[in-house]
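K.L.:
Before I ask anything, here is the structure I am working with.
Quick note: the coordinates plus some simple rules give every number you see, no bench work behind them. On a predicted model such as this, the values are computed, not experimentally measured, just so you know. Because the Cβ atoms are built from the backbone with ideal geometry, glycine has one as well, and the counts that use them run over all protein chains shown.
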Amino acid sequence: MEPIEFFVENKTLLTIGHILSVVIGMGSALVTDMLSVRYGLDKKLTTFEVNTVRFLSKVVTLALISIVTFGAMIFLSDPEGYLASSKFLIKMTVVGVLVVNGFLLHYFVFTKIGLKNIMTQPDYKPLRRLGFALGSVSITSWVAALVLGLLPSILQTYPAALLIFLSLLAVAITTAVMLESLLLRSKKG
C-alpha cells in the first residue's frame, strides 16, 4: 500500500491533533477512574458525582474517536513502515483494548452507576468488581499508550510486547479486585 501524499504532507498537523487527543483522553480517563474510587469511598453516589463520571466518560469516548481518526490518517502516511514496526502493532493493540474497555465500561458500568445503593448492596458486588477491573484496564492501557508513544522504538517483538502488556493487565486487574474488596468492605453501608 502506497503512502497517501496528503497525509504525508500534513503529518505534523495530524500528529499534533493525535497528541492533543491522547492528552485529553488520558487525562479525562485518569480523572474519571480516580473520582470513581473517591466518590465510592463513602458508599453513596450523589447525582452530581454520577453526572460528573458520565460526562467525563463521554469526553474519553470523543477523545478515543479522535485518536483513532488521527492515528488512521498518520498510518496512511507510511502504511508499510508502520506495519513493519512492533511498536506500532502493540500500540494498536493497546488502543484496541482501550476501545473495547471503554465500550464495556459504558455498557455495563456507567449505565448502572446511578442505581440506588450500588455501593452497598451485595447484589451489585459483581458490577462493582467489574467497574474496578475495567478501571484498572483503563489506567494500565492509557499509561502503556503514553509510554509507547514516547519511546522512539522498542526492542521486543510484537509477541513479547503483547505478553508484557497482558501481564501488566493481569496484575492491574488482580490488584483492582482486591482493592474493591478492601475499600468497600472496610465499613458497613
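Conditions tested, residue by residue: (1) in contact with a Leu (Cβ under 7 Å, 6 or more places away or on another chain); (2) among the polar types (S, T, N, Q).
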| position | (1), (2) |
| --- | --- |
| 7 | yes, no |
| 14 | no, no |
| 20 | no, no |
| 32 | yes, yes |
| 42 | no, no |
| 46 | no, yes |
| 52 | yes, yes |
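K.L.:
Can I ask one more? Taking the range 137-151, which residues are among the small types (Gly, Ala, Ser) and within 18 Å of residue 86 (Cα to Cα)?
P.N.:
141, 144, 145, 149
K.L.:
Something else: Quick one: residue 28 ticks every box in (1) buried (at least 16 other Cβ atoms within 10 Å of the Cβ); (2) in contact (Cβ under 8 Å) with a residue 40 or more places away in the chain bar one, so which box is it?
P.N.:
Condition (2) is where residue 28 drops out.
K.L.:
Sticking with this one: Every residue in the range 31-49 that is surrounded by 17 or more Cβ atoms within 10 Å (Cβ to Cβ) and either touching a residue at least 24 places away in the same chain (Cβ under 8 Å) or of a type in the set (Ser, Thr, Tyr) (or both), please.
P.N.:
Hits for the range 31-49 are 32, 33, 36, 39, 40, 45.
K.L.:
Can you name the residue in the range 7-62 that is in a loop (DSSP other than H, G, I, E, B) and of a type in the set (A, V, I, L, M, F, W, C) and, of all such residues, is nearest to residue 105 (Cα to Cα)?
P.N.:
45
K.L.:
List the number of the failed condition for residue 137; all other conditions in (1) in a helix (DSSP H, G or I); (2) crowded, with 20+ Cβ neighbours inside 10 Å; (3) among the aliphatic types (A, V, I, L, M); (4) in contact with a Phe, Trp or Tyr (Cβ under 9 Å, 6 or more places away or on another chain) hold.
P.N.:
It fails just one condition, (4).
K.L.:
On to the next question. Can you name every residue in the range 147-167 that is in contact (Cβ under 8 Å) with a residue 40 or more places away in the chain, exposed (fewer than 12 other Cβ atoms within 10 Å of the Cβ) and hydroxyl-bearing (Ser, Thr, Tyr)?
P.N.:
153 - this is the single residue of the range 147-167 that is in contact (Cβ under 8 Å) with a residue 40 or more places away in the chain, exposed (fewer than 12 other Cβ atoms within 10 Å of the Cβ) and hydroxyl-bearing (Ser, Thr, Tyr).
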